Amino acid sequence: MTEGVNKLMKQTKTTLSEIISAVKTVGIGMGLISAFLTQSHASSGRYLVVNAQIYTVDKKMPWAEAVLVEDGVISAVGAEKQLLDMVQVGVEVIDLGGRMLLPGFQDPHLHALEAGINETVCFLSAEGSEEIYREEIAYCLDEQHDKPWFMGAGVSMPALLETIETPMAFLDRLIPDRPAVILDNLGHGAWANTKAMQAVGYMAFQAAPGINPPGGLIDRDPFTGRLTGVVFENAQQKLRNAALPPTKANVDFAYEGLLQALNLLAENGITSISDAGGYWPRGHQEVWIRAEEENLLTVRASNALYLYPDLPFEEQIAEFQKRYSNDPEKLLRFNQAKIYVDGILSQATGALYQPYEASLELPKDLQRGFLYFEEETLFDYVSALEKLGFQVHFHATGDRGVGLALDAVTHAEKENISRDIQHRITHLYLVDKKDVSRFKELDVITDFQLAPSSTNSDTKRYLAGFIGKRAEDLMPARKLYEAGVEMVLSSDWDAEELSPLMKVEAVLTQKDGAFDHVETVIEMMTLNVAKLLQHEDKTGSIEQGKLADFVVLDRNILDIPVNEIGAVNVEATLLGGESIYDPKGLFK
């Protein structure tokens, strides 16, 4: 039978459909012909996917049976028979055995490089005891014996302050010979020993009660006024920069972390991202560029640069202008500016219209939370960055923080008169009713993280201790969606879970404000993100002319109970038609 196929293949004018028709008369099944063609033309760059449940996220044709890919681009989508009839000899036929094919997931807010780094530093318990931390740090000291700084991560800073009476003194006893810094589990704090605090000039704040560095908070003992070694918000960044300067060793270390993170992204079916870290003084931008230059970048990345509140305005704007890149033909772009408006509710640093609960006994100037920038400075930065072409990625958790971000966009719109840039606000734990209509008026996208850990009743109960009854209205994604506000969903990995499928399930099953349709949630994680990241003409749906960025799932997530979606497996991920994750060899 194979010999007969070979004879047919040698006929230059014979089409694939004619071959299939001919072999059916002698009883050869599609499996054999598919295997034959795959073996013969594995490097052709042209293939036809058949026997698949293809959800396109294209409203004109939501479902398809087959998709034809040529040189990384989708050249046809439609019925299997129709596409088989149109393809020529030399096209691979890939039989997916009934699996589901989707556009690749897109995650517009995560910390890939930091997540990779955190996998390799000393990772400590979030809420440990003195004994637990003593044992964990002692173990890590052996591993980091040759490092100039000791680095750890994972600790909850509020829990630490309740557990250890003098955190800096405790760390001094364990690590007396060099600077040590331990990053928190949320990206908003750090714990340091005396040598580390001295290295960045923070010990001077001990003689200056009530004074803090720009955009940051230095914690003090409420009775003695002495520094505890714990810092919050932007104050941690100076410690991070000092611990990880862009030396060759540190950049190599970060690069290895990024490569690990890229593997995890591919395993989760993620093909486009926006990395929200962007700590350019540490060489992070150069790490991403290296991955692209060495052809190891396996996502389309529209990354951010972090705006530091403690750097001079003109100097930082010049730095951003120099580092801006936005070539739509490249995998890597730096066209986002990450601006923190406020902190987080669980540290009482999210900015609120009304004060935090009185029981917290906060200082008068912090009763409504904390701002990274003075209003006028924030507005000036947003206008200047927009003029340079940057999309602004606002971090705002409190309702006042969200309102100020919208105010900044309003100001930029007046200053720059006309613009074609869509900004977004991420987190949005609280949104005031009066601000809802402003999202549509200003064309601002909302970016929510609705992971199980963010939406469960335990989280609401915990935050009620900070904001009282307002905790019942946390993360009003459904309300904003029903008001017609544009929306995307992201992970904020590694502060939250990475899995897109877990996120889909969480959004559909959360107790309050759950979404009703799987299709809606998929769109918020594919096509809506593509629009935000300015490549909806190339990605986000399976349509003719777009790039072949796909994810293959072992089950159809629109055809199973929603509480099973998180357990569905990613079986392959393709970027530009090439497999970047394919453990079963479906595309080999």
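Checked against (1) in contact with a helix residue (DSSP H, G or I) (Cβ under 9 Å, 6 or more places away or on another chain); (2) more than 30 Å from Glu267 (Cα to Cα), Glu135 meets all criteria but (1).
Does the stretch 146-153 contain at least one residue that is more than 25 Å from Leu307 (Cα to Cα), among the basic types (Lys, Arg) and either in contact with a Gly (Cβ under 6 Å, 6 or more places away or on another chain) or in a helix (DSSP H, G or I) (or both)? No, the stretch 146-153 contains no residue that is more than 25 Å from Leu307 (Cα to Cα), among the basic types (Lys, Arg) and either in contact with a Gly (Cβ under 6 Å, 6 or more places away or on another chain) or in a helix (DSSP H, G or I) (or both).
Could you please let me know if Val485 is surrounded by fewer than 24 Cβ atoms within 10 Å (Cβ to Cβ), closer than 14 Å to Thr446 by Cα and within 21 Å of the chain's Cα centre (by Cα)? Yes: the conditions hold for Val485. One residue stands out among those in the stretch 382-438 that are β-branched (Val, Ile, Thr), surrounded by fewer than 22 Cβ atoms within 10 Å (Cβ to Cβ) and part of a loop (DSSP other than H, G, I, E, B): the one that is modelled with the highest pLDDT, which is Ile421. Note on the stretch 163-276: no enclosed helices (runs of 4 or more DSSP H) hold 1 or more residues that are at pLDDT 95 or above, in the same structural domain as Asn326 (by TED's automatic domain parsing) and among the β-branched types (Val, Ile, Thr). The requirement of being over 20 Å from the mean Cα position of the chain (by Cα), under 30 Å from Arg46 (Cβ atoms) and at pLDDT 95 or above is fulfilled somewhere in the stretch 561-568, by at least one residue. Has the stretch 318-337 got at least one residue that is under 22 Å from Val436 (Cα atoms), of a type outside the set (Phe, Trp, Tyr) and surrounded by 21 or more Cβ atoms within 10 Å (Cβ to Cβ)? Looking through the stretch 318-337, none of the residues is under 22 Å from Val436 (Cα atoms), of a type outside the set (Phe, Trp, Tyr) and surrounded by 21 or more Cβ atoms within 10 Å (Cβ to Cβ).
The rows are residues; the columns are (1) in contact (Cβ under 8 Å) with a residue 24 or more places away in the chain; (2) under 27 Å from Gly187 (Cβ atoms).
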site: Met502; (1), (2): yes, yes
site: Lys511; (1), (2): yes, yes
site: Asp516; (1), (2): no, no
site: Glu519; (1), (2): yes, no
site: Glu523; (1), (2): yes, no
site: Thr526; (1), (2): yes, yes
site: Gly545; (1), (2): yes, no
site: Phe550; (1), (2): yes, no
site: Val568; (1), (2): yes, no
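Checked against (1) part of a helix (DSSP H, G or I); (2) in contact with a helix residue (DSSP H, G or I) (Cβ under 9 Å, 6 or more places away or on another chain), Glu292 passes all but a single condition, namely (2).
Go through the residues of the stretch 449-463 one by one and say whether even a single one is more than 24 Å from the chain's Cα centre (by Cα), surrounded by fewer than 22 Cβ atoms within 10 Å (Cβ to Cβ) and among the aliphatic types (A, V, I, L, M). Checking the stretch 449-463: not a single residue is more than 24 Å from the chain's Cα centre (by Cα), surrounded by fewer than 22 Cβ atoms within 10 Å (Cβ to Cβ) and among the aliphatic types (A, V, I, L, M). Take Lys469 and tell me if it is in the same structural domain as Ser359 (by TED's automatic domain parsing), over 14 Å from Asp407 (Cα atoms), surrounded by fewer than 22 Cβ atoms within 10 Å (Cβ to Cβ) and touching a helix residue (DSSP H, G or I) at 6+ places or on another chain (Cβ under 7 Å). So Lys469 does not fit the description; no.
Among the conditions (1) under 30 Å from Val431 (Cα atoms); (2) touching a helix residue (DSSP H, G or I) at 6+ places or on another chain (Cβ under 9 Å); (3) assigned to a loop (DSSP other than H, G, I, E, B), the only one that His535 does not satisfy is (2).
The values are calculated or read from the model by the stated rules, or taken from the named source; none is laboratory data. Predicted model only: the values in this text are computed from it and were never measured. Methodologically, a virtual Cβ is constructed for each residue, glycine included, from the backbone with ideal geometry; neighbour enumeration extends over all protein chains shown.
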